[in-house]
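Written below as structure tokens is the structure these notes are about.
The values are calculated or read from the model by the stated rules, or taken from the named source; none is laboratory data. Keep in mind that this is a model prediction, so the values were computed, not measured. All Cβ positions, even for glycine, are placed from backbone atoms using ideal geometry, and neighbour counts span all protein chains on display. What goes into the accessible areas is simple: the full protein's heavy atoms, side chains included, and nothing from ligands, DNA or RNA. Shrake-Rupley method; radii C 1.70, N 1.55, O 1.52, S 1.80 Å.
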Amino acid sequence: MDKKVDIVIVGAGLTGLTTGYYLNKAGKQVLIVDKLDRWGGVIQTHKENGFLYENGPNTGVLSDVIMEDLFEEIQDEECQIELADTKKANKRYVVKNGKFVALPTGPFGGLITPLFSWRDKFLGIPLEPFRPRGKNPEETLAELVKRRMGKSMLDYAIDPFILGVYAGDPNQLIPKYALPKLYNLEQEYGSFIGGAVKKMIATKRKGERSPSRKIFSFKGGLQKMTDGIAKKIGDENFLLGLENITVNKADCGYSLTGVKAGEKVTVEANKVITACGGYALKSLLPFVNETDMTNLSNAHYTKVIEVQLGFNKWNGRELDGFGGLCPFVENRDILGILFMSATQTERAPEGGALLTVFMGGMRRQDLMEKSDKEVKEIVAREVSELMEMPDFKPDMIKIHRYEHAIPQYGLESKIRFETIEKLEQEYEGLILGGNFCGGIGMSKRVVQGYEIAEKIIYS
Ligand SMILES: Cc1cc2nc3c(=O)[nH]c(=O)nc-3n(C[C@H](O)[C@H](O)[C@H](O)COP(=O)(O)OP(=O)(O)OC[C@H]3O[C@@H](n4cnc5c(N)ncnc54)[C@H](O)[C@@H]3O)c2cc1C
């Protein structure tokens, strides 16, 4: 089978889908290819015996207006955003001394919480706006937070936050790459707290729209979102289940080959956009020299286990929040628990509950070796204790392992980002996207898709 298109996108996850959506909307001819026989990448929703659960992300944050606009554009009867109950979504727990403690939401709460030390409550946090700017762009997140706010803030606020987002280690993440907004607050305004306030005022003054930052999923699960985007692109613009894909330089620009159902497929294209993980690029782009490829694919993807627990009748603590995270210093065997049925509808039968448990991450890769039986034992021990359950008898338990869950943005990111720029200049028509650059959250994926499309549309 031979095909000729203007633009081919490799990877039908959220990055590839949004890139394809905006290009297609602008009238460009695109073909999205994937080795899997479905779109969505890590996003996949399942329904079983009254439980609705996700593989991959469970919810996202509306942290960019581009994402809000996209959801407006794709919505129809089948595809409807579902916002989490704000009061519950804002209530988050962190484990301290074996118990869930609510994270403070305001200054008064910050003063009385047992999570932070007296020193940090009365000196570390209040004096943050007056501390000098950091001078080392390669400072780790742990060093930055300790320097500006104190160790207990690192241990019981930032460390669990980073577990929840990156399943990562603040001692390895570099804020300039991993949390550029936070890094820039210090660099531009000299303070996180003062900078955030000044930035908010400046945005209002300029009359710029700011995102709602609400927690979202979709009615029927996140796959409704990826299905909705794919529907707008049109089935005819996908080539799924294409295995052993390689891309080579050709007269037309690029020639992509792969195998579908035993048959060789060749696609000629003027432009190629990669929207798959960095780990896939070596076999995909054989024309890139070894040094550049080493630098390009240097992102370390942490492994994660996601366990979905369904209970027909809930018998544990009140599910009055978004969930709880376990700081590394607490030495537990899980990263955290999301109270999915508390913030989203249809997740469990009436009176029941759906919990999502994460294990592994950068500092507990040892757990990836555990068998399903051992994972179940760990989950039973940890969840029954933290959720105060007299007995632990889930009616559904699903275990999903991710070999390449979340890329970490450490020191090596600098050379990776530089190499992306270099290769895009060197090879006309090649664009390198995916979550190893531009951020890991779903909103960042949508923004990257939008920006790649804009670059092509206006080039
Ligand atoms: C367990 C987990 C929990 C998460 N939780 C959240 C969360 O709560 N909130 C949030 O905002 N984000 C979360 N994320 C992150 C977010 O889901 C991802 O960053 C985002 O969905 C990635 O989209 P993507 O398209 O870049 O990559 P992917 O979804 O990985 O898609 C890449 C696609 O490329 C294809 N591909 C790979 N190699 C090849 C190849 N050689 N040839 C052809 N195709 C190939 C794959 O099959 C896949 O379809 C989570 C991620 C994981 C794994």
When every residue in region 158-171 that is in contact (Cβ under 8 Å) with a residue 40 or more places away in the chain and open to solvent by less than 20 Å² (accessible area, probe 1.4 Å) is compared, the one nearest to the ligand (Cβ to nearest atom) is ALA167
Here the residues within region 421-437 that are away from the ligand (no atom under 12 Å from the Cβ), polar (S, T, N, Q) and touching a strand residue (DSSP E or B) at 6+ places or on another chain (Cβ under 6 Å) are none
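Okay, residues lined up against (1) open to solvent by 60 Å² or more (accessible area, probe 1.4 Å); (2) in a loop (DSSP other than H, G, I, E, B):
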{"site": "GLY134", "(1), (2)": "no, yes"}
{"site": "LEU144", "(1), (2)": "no, no"}
{"site": "ARG147", "(1), (2)": "yes, no"}
{"site": "LEU173", "(1), (2)": "no, yes"}
{"site": "TYR177", "(1), (2)": "no, no"}
{"site": "LEU182", "(1), (2)": "no, no"}
{"site": "GLU188", "(1), (2)": "yes, no"}
{"site": "MET200", "(1), (2)": "yes, no"}
{"site": "GLY207", "(1), (2)": "yes, yes"}
Being open to solvent by less than 60 Å² (accessible area, probe 1.4 Å), in the same structural domain as MET153 (by TED's automatic domain parsing) and small (Gly, Ala, Ser) narrows ALA250, ALA196 down to just ALA196
The residue that is nearest to the chain's Cα centre (by Cα), considering only those in region 9-29 that are open to solvent by less than 10 Å² (accessible area, probe 1.4 Å) and more than 10 Å from the ligand (Cβ to nearest atom), is GLY20
Picked from region 50-67 (must be open to solvent by 30 Å² or more (accessible area, probe 1.4 Å), more than 10 Å from the ligand (Cβ to nearest atom) and over 16 Å from LEU17 (Cα atoms)), the residue farthest from the chain's Cα centre (by Cα) is GLY50
Those residues of region 355-366 which are in contact (Cβ under 8 Å) with a residue 40 or more places away in the chain and under 20 Å from VAL95 (Cα atoms) amount to LEU355, THR356, VAL357, PHE358, MET359, GLY360, GLY361, MET362, ARG363
Query raised in the report: Do we have PHE436 as open to solvent by 30 Å² or more (accessible area, probe 1.4 Å) and at negative phi here?
Result: no
Every listed condition ((1) out of contact with any Lys or Arg (no Cβ under 6 Å at 6 or more places or on another chain); (2) in contact (Cβ under 8 Å) with a residue 60 or more places away in the chain; (3) open to solvent by 50 Å² or more (accessible area, probe 1.4 Å)) holds for GLU77 save (2)
With the first residue restricted to region 1-19 and required to be closer than 14 Å to ASN270 by Cα, and the second required to be open to solvent by 20 Å² or more (accessible area, probe 1.4 Å) and within 10 Å of the ligand (Cβ to nearest atom), Cβ contacts under 6 Å at 6 or more apart or on different chains are VAL10/CYS276
task = Test ILE399 against the criterion of being touching a strand residue (DSSP E or B) at 6+ places or on another chain (Cβ under 8 Å), at pLDDT 95 or above, open to solvent by less than 30 Å² (accessible area, probe 1.4 Å) and within 16 Å of the ligand (Cβ to nearest atom), and give yes or no.
result = no
- Flag for VAL61 being aliphatic (A, V, I, L, M) and out of contact with any Pro (no Cβ under 7 Å at 6 or more places or on another chain): yes
Condition set surrounded by 13 or more Cβ atoms within 10 Å (Cβ to Cβ) and among the polar types (S, T, N, Q), scope region 30-49, selection nearest to the ligand (Cβ to nearest atom): answer is GLN44
Considering residues that are open to solvent by less than 30 Å² (accessible area, probe 1.4 Å) and more than 16 Å from the ligand (Cβ to nearest atom), the number found within region 209-246 is 2
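Conditions (1) assigned by TED's automatic domain parsing to the domain that holds GLN448; (2) without any contact (Cβ under 8 Å) to a residue 60 or more places away in the chain; (3) farther than 19 Å from ASN435 by Cβ, marked per residue:
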position	(1), (2), (3)
LEU281	yes, no, no
LEU284	yes, no, no
VAL304	no, no, no
CYS326	no, no, yes
THR345	no, no, yes
The correct count of residues that are of a type in the set (Val, Ile, Thr), over 29 Å from PHE71 (Cα atoms) and open to solvent by 10 Å² or more (accessible area, probe 1.4 Å) in region 403-419 is 1
Per the filter on region 356-384, residues surrounded by 20 or more Cβ atoms within 10 Å (Cβ to Cβ) and touching a Ser or Thr at 6+ places or on another chain (Cβ under 8 Å) are GLY360, GLY361, MET362
